[in-house]
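Working notes for the structure below.
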Amino acid sequence: MRFKDQVVVVTGAAGGIGLATARAFAQEGAQVVVTDLTPASVAAAVSDIEAQGGRVMGLTGDVSNPQQVTEHADAVMQAFGRIDVLVNNAGIMRRGAPEQLAIEAWRQVMSVNLDGTFYWAQAVASRSMIPRRAGVIVNVASMAGLVGIPNAAPYVASKHGVVGLTKALAVDWGQYNIRVNAVCPGMTWSNLSKADLAKNPDMFVERERRIPLGHAAEPVEQAHAILFLASAEAAYVHGLIMNIDGGQVALSSGHTAPRAP
């Protein structure tokens with residue numbers, strides 16, 4: 001087991017990529033801490049992981065609230081004495097033409113996706129990883145952190161910010177033996193994608209057709225990449241921005257991927 005007895009915090013862990021990641025860490029021996037926005041969603045995630053024999057602690061709160069983040073980090077430290085791995089997964093999307101977008105929607109996306117990532121990274125690094133000179137942070141960005149996508153300006157901007165933050169923290173915290181990397185998921189059947197699919201199914205049919213591998217990812221496929229970056233197998237991987245997108249960013253020409261007959 002690659003993560004036996006390690007303490008792993010996963011934000012936004014009630015569903016999709018976050019839940020798949022928390023499950024995978026628990027299956028590999030970690031003591032997992034899951035956080036999400038509502039008590040019911042956190043309780044469901046805890047029950048799911050416990051049903052599979054995992055060790056899990058649940059915390060309810062908003063990653064965009066710095067006071068709640070520090071309280072949660074303190075609670076984890078009090079319970080376990082350290083945090084070995086942080087996965088910053090919490091994220092939201094608000095779609096709309098940028099010229100019509102409400103400022104409140106812009107701020108909400110930026111505060112969760114970018115500010116929340118920084119708040120958790122800062123809290124964990126200052127309390128555990130810097131004093132111990134050890135730790136791993138994996139930020140969940142998006143292919144939208146590398147390219148533009150339509151009618152999602154705050155999401156695109158926030159995820160580009162997560163990519164930049166990842167590089168900055170890797171530069172600043174490498175001296176403390178804290179490895180910081182990011183994954184950039186492409187189209188994945190996560191909670192966000194399923195919500196978008198319900199609103200515009202035709203768009204997703206067309207998007208999936210353009211993926212070179214021919215299909216969207218399942219959340220567990222993103223989890224596998226996250227666990228690799230957090231593992232000892234990636235001990236010299238630092239400051240990496242890893243596409244997990246089935247080749248979507250590679251095919252940036254506007255063409256459709258060829259298909260064998």
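Span-like helices, the chain: DSSP H, alpha-carbon axial extent 15 Å or more, mean Kyte-Doolittle 1.0 or greater, which ones?
On the way: long enough: 16-27 (17 Å, 0.73); 39-51 (18 Å, 0.90); 66-80 (21 Å, -0.30); 153-173 (29 Å, 0.52); 219-230 (17 Å, 1.06).
Helices meeting the criterion: 219-230.
What is segment 59-183 by shape, rounded, prolate or oblate, if you read a ≥ b ≥ c off the alpha carbon gyration tensor as root eigenvalues and call it rounded for a/c under 1.5, prolate for a/b larger than b/c, and oblate otherwise?
Oblate.
Give me the log10 of I(q) over I(0) for the chain at q = 0.13, 0.16 Å⁻¹, as the Debye formula computes it from C-alpha points; what are the numbers?
Each listed q corresponds, in turn, to -0.80, -1.21.
If you average the alpha carbon positions of segment 47-107 and of segment 1-43, how far apart do those two centres end up, in angstrom?
11
Contact order normalised by length for segment 105-261, with contacts defined as Cα pairs under 8 Å and 6 or more residues apart; what percent is it?
26
Whole number in Å², please: accessible area per residue of the chain, 1.4 Å probe, ligands, DNA and RNA not counted.
Numbers: 11770 Å² over 261 residues.
Accessible area per residue, the chain: 45 Å².
Straight distance only, please: which lysines reach the Cα of LYS167 with their own Cα at less than 29 Å, same-chain residues fewer than 8 apart left out?
LYS4, LYS159
To the nearest 500 deg cm²/dmol, what mean residue ellipticity at 222 nm is calculated for the chain from DSSP H runs of n ≥ 4 alone, each contributing -39,500 (n - 2.57), summed and divided by the residues?
Rounded to the nearest 500, it is -13000 deg cm²/dmol.
Return the whole-Å distance between the Cα centroid of segment 188-254 and the Cα centroid of segment 144-172.
Measuring centre to centre over Cα atoms gives 15 Å.
For the charge dipole of segment 24-148, defined by +1 on Lys and Arg C-beta atoms and -1 on Asp and Glu C-beta atoms about the Cα centroid, which residue among GLN100, ALA125, GLN68 has the Cα displaced farthest towards the positive pole?
The Cα lying farthest towards the positive end belongs to ALA125.
The values are calculated or read from the model by the stated rules, or taken from the named source; none is laboratory data. No experiment lies behind these values; they were computed from the predicted model shown. Ideal geometry is used to build each Cβ from the backbone, glycine not excepted, and the neighbour counts take in all protein chains shown. With ligands, DNA and RNA removed, areas are computed over all heavy atoms of the protein, side chains included. Shrake-Rupley method; radii C 1.70, N 1.55, O 1.52, S 1.80 Å.
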